[in-house]
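In what follows, a single structure is set out as structure tokens and then discussed.
Since every read-out is calculated from the coordinates, none of them should be taken as a lab result. Model, not experiment: these values are computed from the prediction. Reconstructed Cβ throughout: ideal geometry from the backbone, glycine too, with neighbour counts over all protein chains shown.
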Amino acid sequence: MSFFTEANARTAAEVIARYPRPRSAVIPLLHLAQEQEGWVTRDAMVEIAELTGATPAEVLGTGSFYEMFRFHPVGRYVVNVCTNISCQLLGGEELLHHVEESLEVHAGGTTADGMFTVEEVECVAACTEAPCFTVNYRYFHRADPDTFDAVVDDLRAGRSPLARGAQGDDGNLPAHGTLGRLRQHIPDDRRAGVVPPEQADQEPVWLRTAPSTTSAADA
Amino acid sequence: MPEPTIVHPDGMGYIPHAAGFVANEGPKLVSGRFPYEDSYTLECALATGAYTGLRAALGRTPADVHTEVRDATLLGRGGAGFPAGVKWGFCPEDVWPRYLVVNGDESEPGTYKDRLLMERDPHQLIEGCLIACYALGLSQCFLYVRGEMALAQERLAVALNDAYEAGYVGRNICDTDFSVDITLHWGAGAYIVGEETALIESLEGNRGMPRLKPPYFPAAIGLYGRPTIVNNVETLANLPWILEHGAIAYRGYGSEASPGTRLFAVSGHVVRPGVYEVEQGVTTYRDLIYGPNFCRGIREGNELKAFIPGGASAPWFFEEQLDLSLEARDIGAAGSMLGSGAIVVMDHTTDVVKACLRIVRFFARESCGKCSPCREGTSWEEKILERILDGHGRPSDLDLLLDIGDNISPGPYPVAAHGAAGLDAVPFPPLQTTICPLGPSSVAPITSALRRFRSEFEARITRHEGIPVRSAPVVDGDPA
């Protein structure tokens, strides 16, 4: 029994084919596994190891270095509240406090109904829009407790909260694990081809055939 | 394409669909497309001149393109400020293949520019990547985007798909012999991966730990052991403009030593925080923080206490440095750095001990654990600052903090040995006992805060302000 669904196995093969060495696909494939299950399971790591020529331990070794990978089930919605310096100055810690109180869960924990996991996170690059939080990596800028409560109400009622300020709204906030819903796809007839490090024979062709004249701008 | 209608619902100059970006007056070399609502589509990009710089490059020899970029003195925008044209020259001759790795792992606290560039104008970045690949004979490009930036990933994926379809990326670009694939790659949450050798480790499928130096530049030995150019997103985003208009026009903006413009994110206690495209070198911190064209002063008429001039790693500046211009060289001489273009402003209501702890905690959490001075030191700095904040500090703690700092980043600051003047002689750039500058960066907020606000730390220690110590008897295992 393989771990990846048929569609995801095809995606995995496509991802691996974009790198000169399959091992480079470990992190993208961990994301794909997390998209499928909401977290990274043991079966997923075993299969990723097979696909990338690593051992399952190496896959865990790599994956456990990075904050975004979860090795146990988390809530459907992961709420990340930034408390780093720019957010701290404008109430990020108070916002986190409100999130913890209203969901009755400490940072790092998941609500009893499995809906929300709360995390206190480091800077998410929205510093001028402080304080901010993200839900499944969709941003809510210049947030206050009321913003957060409205987002929670929406999610509990099955509505998308994205219109409340997150960018990239297509009316659907995916469950935890799904990052980009749109993927890169290189058409076969346009592919230049991966260049493995072993292909060390010569310089790229355009360095030899490029126009020898000087700047068109100078002319 | 008509000029976009810029809506200013609040009269503040914000553009609703480009969160935080302020359309202030001044040249717009990299943010020109942001005001268009559909700026991220190929259609809008082409209608506003995208890929013109690439076509100009393809009409010239690769060596010529490299010379143009070197002449423009395009300084790297990631933090170190190293000239891109010079860095490009470090590739050893006749070692092939060479790779391009784009550093889009923006995570320095206070920094918010690369995310905007990727979300708002992905085609400009793709065009920049292609120009670099063409100039240096780079055979494959890897676009490493920070994992948390879901929208940037989506926008770049679609932009790449469209650009492949239209013949701008892939085989025989614009019907020439130039062929290169761009692989969109995404990280998974680790600040240290912004360090270029850690970025390469991560891209090879490993834990993101910096590599031992030398070699100092991956241009010598990088991805898969091959020559690799690692450039920041904003650096590459400047290339289309430079190739379209030329190095001389580029040098017409900014100062002699720092030509061109930069995106600065100003956050914290200012009236109008935002991302501004600013001419380097000729604009001062005072202009940026107080100017009507920029942040319009401190909120509620408050007083400035301190500001971070270039990201959380940078030593703090105070009122007397407000008139320094945004010039990497001058700021370096004044003991800090322009870094990643992140300015964090703190007004007089700021609790310095808390702010200092928060930044140190960031470095403690993000230390990769490879070098012991950083792994152990940063977490001890955090513990000590925490107990000072909680009212359990000891009189010896301030010297202990500096002593730990001395182990990570040697300097003359332990007061016991050098007197209070030691803090004024902190070397910059910092010395380091570690492979990368993450550990030494954790010392900067401590020396900055102690130098200026030592009394605030001492007050916490002597008055034992903070959480009271529980002394109630324990009943049934629970404190009463």
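At-a-glance table
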| read-out | value |
| --- | --- |
| Global geometry of the range B:190-306, whether rounded, prolate or oblate, following the gyration tensor of its Cα atoms and the 1.5 cut on a/c | oblate |
| Cα shape, the range A:6-63, gyration tensor, a/c 1.5 rule | oblate |
| Qualifying GluC sites (Glu not before Pro) in the range B:334-404, DSSP loop, other Cβ atoms within 10 Å at most 15 | none |
| In Hz, Karplus ³J(HN,Hα) per residue of the range A:120-125 (6.51, -1.76, 1.60; θ = phi - 60°; x = Gly, Pro) | 8, 10, 7, 2, 10, 6 |
| Positive dipole terminus of the protein assembly as shown, leading residue within B:A355, B:I298, B:P273 (C-beta point charges) | B:A355 |
| The range A:81-106-the range B:145-205 distance, computed between alpha-carbon centres (Å) | 33 Å |
| Burial order of peptide ranges B:133-144, A:30-41 (average beta-carbon count within 10 Å, highest first) | B:133-144, A:30-41 |
| Among B:F428, B:S442, B:G405 the positive-end extreme of the charge dipole of the range B:352-461 (Cβ point charges) | B:S442 |
| Peptide B:126-134 - average C-beta neighbours from other chains (10 Å radius) | 1 |
| Gyration tensor (alpha-carbon) shape descriptor, the range A:54-111, a/c threshold 1.5 | oblate |
| Net charge dipole size for the protein assembly as shown [Lys, Arg +1 and Asp, Glu -1 on Cβ; Debye, nearest 20] | 900 debye |
| Given charges at Cβ of Lys, Arg, Asp, Glu: the protein assembly as shown dipole, positive-most of B:C141, A:T5, B:L117 | B:C141 |
| GluC sites (Glu not before Pro) restricted to DSSP loop in the range B:229-318 with at most 12 other C-beta within 10 Å | B:E256, B:E303 |
| Fraction of beta bridges assigned by DSSP in chain A that are antiparallel (%, nearest 5) | 55 percent |
| Averaged over B:139-150, number of beta-carbon atoms from partner chains that fall within 10 Å | 6 |
| Cα-based reach from B:K370 at 16 Å (exclusive), listing lysines while leaving out same-chain residues under 8 positions away | B:K213 |
| Quarter of Cα convex hull surface for the range B:59-107, i.e. mean projection, nm² | 4.5 nm² |
| Highest-first arrangement of B:222-229, A:81-88, where packing means the average Cβ count within 10 Å | A:81-88, B:222-229 |
| Antiparallel %, DSSP beta bridges [both residues in the protein assembly as shown], to 5 | 45 percent |
| Amide proton proximity set for B:G170, modelled H, under 5 Å, gap of 5+ | B:V180, B:I182 |
| Point-to-point label distance, B:E165-B:A459, nm (Cα→Cβ direction, 7 Å offset) | 6.2 nm |
| Charge dipole (debye, nearest 20) of chain B; +1 at Cβ of Lys and Arg, -1 at Cβ of Asp and Glu | 680 debye |
| Peptide B:169-176, shielding by other chains (average Cβ, 10 Å cutoff) | 4 |
| Peptides B:265-275, A:139-149 ordered by average Cβ neighbours within 10 Å, highest first | B:265-275, A:139-149 |
| Net charge dipole size for the range A:1-159 [Lys, Arg +1 and Asp, Glu -1 on Cβ; Debye, nearest 20] | 800 debye |
| Cα-Cα P(r), the protein assembly as shown, percent of pairs per 10 Å interval | 3, 15, 26, 27, 19, 8, 2, 0, 0 |
| Chain A: Cys lacking any partner C-beta under 4.7 angstrom | A:C123, A:C127, A:C132 |
| Hits among lysines - C-alpha to C-alpha of B:K354 under 25 Å, sequence gap 8 or more where chains match | B:K305, B:K383 |
| Cleavage-rule hits (chymotrypsin sites (Phe, Trp or Tyr not before Pro)) in the range B:159-223: DSSP loop, at most 10 neighbouring Cβ within 10 angstrom | B:Y216 |
| Once the Cα gyration tensor of the range B:82-233 is diagonalised, semi-axes √(5λ) in Å | 22, 21, 13 |
| 10 Å Cβ shell holding at most 13 others, DSSP loop, trypsin sites (Lys or Arg not before Pro): longest site-free stretch of chain B | B:1-462 |
